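A quick write-up on the structure given underneath.
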Amino acid sequence: MEQAVDHTFHLTPDELAEAYTELTADLAFAQTHFPQSRITLYLNNLAGALHNEIYSNKREKRSRIVTFWTREVPQTMWESRHLLLVSFVIFVLSALVGVVSTIGDPEFPRIILGDGYVDMTLDNIARGEPMGVYGSDGETEMFLQITLNNVLVSFRCFAMGLFTSIGTGLALFYNGIMVGSFQEFFRQHDLLWESSLAIWLHGTIEISSIVVAGAAGLSLGNGFLFPGTYKRMESFRRGALRGMKIVVGTVPLFIIAGFIESFITRHTDIHDMVRFTVIILSLAFVLYYFVWLPRRLYGPQKGQTDTNHQKEKELEI
């Protein structure tokens, strides 16, 4: 079977179908009688690899663009749920480091954010427009720049996984320190509430997407570090594909975040309750799409039911 997977171009369609039928039959038997055995995991991985080879040139339905975000991304998020938690913990801890560092050294934000940005913000605060940076450019120009920058940050966080999970961890750490330092900087100027409403109006989706991209980078790095029952390069390839699917799934969210930051955040005269409501709704959407929906669709019981149903269909075929 391993030879069949590695040399599918030497086999006829009938031979591939026979090999796949035999393999899934063995897998069904193993899942029934030895569900916790490593051989079951091995057969499942082998069946998945052969399935991908058989259907690699299958014409995609037009609805694939919809099912990608409604089914594939949630499924990948469920499979990567532990990496998402690790990414979140790294980001929160690094944000706390940024807060503590700024408390200990008020000049610390200049190291992280740059002298130019800090001086500009201090000037805006002196003029009574602490969030003036969000209205410094035209709306459309700002939208394009911010969206492109956010997407690049996301892909950079993912690509750092090429340097193993440590690379992505460092990227998350740096971004978390920036956020923590930025918030503490405004708190020291008695602008914590105003800055939080402005920053998290778009930042709830933006920062959450960076954390999700961190999970994608960890998937890439872990694919190489922890191959499991796969060959190391095969595990790396699978981790890369899984991570790429996650990070592509965040692109629409960065577009939404860029739109909010460019067209809405600049209007600081909007009532606080309206902005706070937008933040809560944004957080609810992020939790729903990346946490609750994956669990509802692919949780332990649901995932097992879907797997058994799929195997039954394959055996019938």
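Which shape class applies to segment 146-259: rounded if a/c is under 1.5, otherwise prolate when a/b exceeds b/c and oblate if not, where a ≥ b ≥ c are the square roots of the Cα gyration tensor eigenvalues?
Prolate is the answer for segment 146-259, as a/c is 1.5 or above and a/b outweighs b/c.
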Can you match mean projected area of the Cα convex hull in nm² to one of these, (i) 15.2; (ii) 19.0; (iii) 16.4, based on a calculation from the structure here? (ii)
May I ask you to compute the full-extension gain from Met244 to Ile103, defined as 0.36 nm times their residue separation minus their alpha-carbon distance, rounded to one decimal in nm? 47.0 nm
Ranked by how many other beta carbons lie within 10 Å on average, peptides 233-239, 254-260 from highest: 254-260, 233-239
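Which value, in Å², gives the accessible area per residue of the chain when a 1.4 Å probe is used on the protein heavy atoms? Before the final figure, lay out each step's value.
Values: 17710 Å² over 317 residues.
Per-residue value: 56 Å².
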If you stretched the chain out fully between Glu72 and Phe88, how much longer would it get, using 0.36 nm times the residue separation minus the C-alpha to C-alpha distance? 3.6 nm
Of Thr268, Leu241, Ile280, which is farthest on the positive side of the dipole of segment 228-284, counting Cα position, with +1 on Lys and Arg Cβ, -1 on Asp and Glu Cβ, and the Cα centre as origin? Leu241
In whole Hz, what ³J(HN,Hα) sequence does segment 197-213 give by Karplus (6.51, -1.76, 1.60; θ = phi - 60°), x for Gly and Pro? 4, 6, 5, 7, 4, 9, x, 4, 6, 5, 5, 4, 5, 5, 4, 5, 4
Sequence order, segment 98-106: Karplus ³J(HN,Hα) from phi using 6.51 cos²θ - 1.76 cosθ + 1.60, θ = phi - 60°, Hz rounded, Gly and Pro as x, gives x, 5, 5, 5, 6, 5, x, 9, x
Quantify, in whole percent, the carbon and sulfur part of the accessible surface of the chain (1.4 Å probe; protein heavy atoms only). 64 percent
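The values are calculated or read from the model by the stated rules, or taken from the named source; none is laboratory data. Bear in mind the structure is a predicted one, so any value in this text is a computation, not a measurement. Counting neighbours? That spans all protein chains shown, and the Cβs are built from the backbone with ideal geometry, glycine included. For accessibility, only protein heavy atoms count, side chains too; no ligands or nucleic acids. Shrake-Rupley method; radii C 1.70, N 1.55, O 1.52, S 1.80 Å.
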